[in-house]
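Read the structure below first, then the notes.
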Amino acid sequence: MSSHKSIAKITTEQLRKMKDSGEKIAALTAYDFIMASLLDDCGIDVILVGDSASTVFAGNDTTLPMTMDQMVYHTQVVSKAVKRALVVADMPFMSYQVSLEDAIRNAGRFMKEGYAEAIKMEGGSEFTPVVKRIVEIGIPVMGHLGLTPQSIHKFGTYRTRGVSAGEAQKIVKDAKALESAGAFAIVLEKIPSALARKVSNSLQIPTIGIGAGPHCDGQILVSHDMLGLYEKFQPRFVRRYATMAQSMREAFSNYTVDVKKKRFPNSKESY
Ligand code: KIV
C-alpha cells in the first residue's frame, strides 16, 4: 500500500538472507494505523496482524471469536501505515480448516482487500496440502508451531509444548513438512529453547520465536504485552519495555481531575 517507493520493502527473500547472515529478525504485532506507523518508523522487519487482536484489542478470552471480516479490516488499516516492514495477516480460526477452497479464498482476501504481503496459519503436517496450494498461487505463508492458541480447547491449557519426546518429534517433523510445502518462515511458540535451536538449525527458512528462547532466527512479541498495555496476564517470555497502561491511567485521571476542577481548557486552549 506504500506510496513511498524509495523505501526498500522487506521481502520474504530478505528474511531468508537475514537468517543466512545471522542477522536476527525483529517482529511485533499491530492491529491499527498508529501502532503500525510507529513500528515501521522504528525499523521493525515484520508486522503481524495477529488474531491476538481478539484478546488484547477486542477483550475476548481466546483468539477463537475473530472473524475474517474483522481481520481484513485490521490488516487494511495496518497496511495503510506501513512502508518498509513485511505485513503478515493471521488466518483466524475456521478460515482455513473447513476446505482448501475456503483457505484459498480467505488467504486471497487478505492480499486483495487487506493489502497483506503474506499470511500466517497455525498447524503442522495436517495443513501442508493447504500451505502448498496457497504458496503455489503466489501467496507467501508463515507457519506456526508449538503452542497454537486456536487449539486451546483441544489441550485445555497454554502449557509449554514440545516437552515430551513425542511432542518434540512432531514439532521437528511438522517444521520440515511446512518448509517442504513452501512456507517462508515458521513461528515457534512456547517450546523449550533446545528444541527451538534444533528446529532452527534443521531448516533453511527462518524461525521466529515467541517464548522459544534465543536461538530462533527472529523474535516476535504481542506489542500490547511488551508495552505493558495488556496487564491481565504476563507470560514469563514477555519482557515489558514500557508501562503504557499505567501512563495512560495517569493521563486519563489527570484529564478528568482538570475538567472537574475547571483547569482544562485554559485561555490558551480556547478561541
Ligand atoms: O496472534 C498473534 O499475535 C500471534 C503471535 C503471538 C505469534 O500469533
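The values are calculated or read from the model by the stated rules, or taken from the named source; none is laboratory data. Treat the numbers as computed from the prediction; the structure is a model and nothing was measured. Cβ placement follows ideal geometry from the backbone for every residue including glycine, while neighbour counts extend to all protein chains displayed.
Below are the figures for this structure:
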| quantity | calculated |
| --- | --- |
| Residues within segment 80-102 that are within 15 Å of the ligand (Cβ to nearest atom) and of a type in the set (Asp, Glu), tallied | 1 |
| Segment 45-63, residues that are in contact (Cβ under 8 Å) with a residue 24 or more places away in the chain and surrounded by fewer than 17 Cβ atoms within 10 Å (Cβ to Cβ) | Thr62 |
| The listed residue being outside any loop (DSSP other than H, G, I, E, B) and more than 20 Å from the chain's Cα centre (by Cα), out of His153, His144 | His153 |
| Selected residue (only one of Glu126, Glu117 is of a type in the set (D, E, K, R) and buried (at least 19 other Cβ atoms within 10 Å of the Cβ)) | Glu117 |
| Residue identified as in the same structural domain as Gln219 (by TED's automatic domain parsing), among the small types (Gly, Ala, Ser), under 23 Å from Gly213 (Cα atoms) and surrounded by 21 or more Cβ atoms within 10 Å (Cβ to Cβ) among Ala27, Ala36 | Ala27 |
| Sole residue being more than 22 Å from Leu100 (Cα to Cα) and assigned by TED's automatic domain parsing to the domain that holds Ala26, chosen from Arg133, Arg161 | Arg161 |
| Residue match in segment 199-215 (condition: part of a helix (DSSP H, G or I), more than 24 Å from Asp90 (Cα to Cα), assigned by TED's automatic domain parsing to the domain that holds Ser52 and touching a residue at least 24 places away in the same chain (Cβ under 8 Å)) | yes |
| Helices (runs of 4 or more DSSP H) within segment 1-84 that include 2 or more residues in contact with a helix residue (DSSP H, G or I) (Cβ under 8 Å, 6 or more places away or on another chain) | 33-41, 53-56, 68-81 |
| Pairs, first modelled with pLDDT under 95 in segment 223-246, second in a loop (DSSP other than H, G, I, E, B), C-beta under 7 Å, six or more apart | Pro235/Gly211 |
| Residue check for Gly138: in the same structural domain as Gln219 (by TED's automatic domain parsing), outside any helix (DSSP H, G or I), on the phi > 0 side of the Ramachandran plot and modelled with pLDDT of 95 or more | yes |
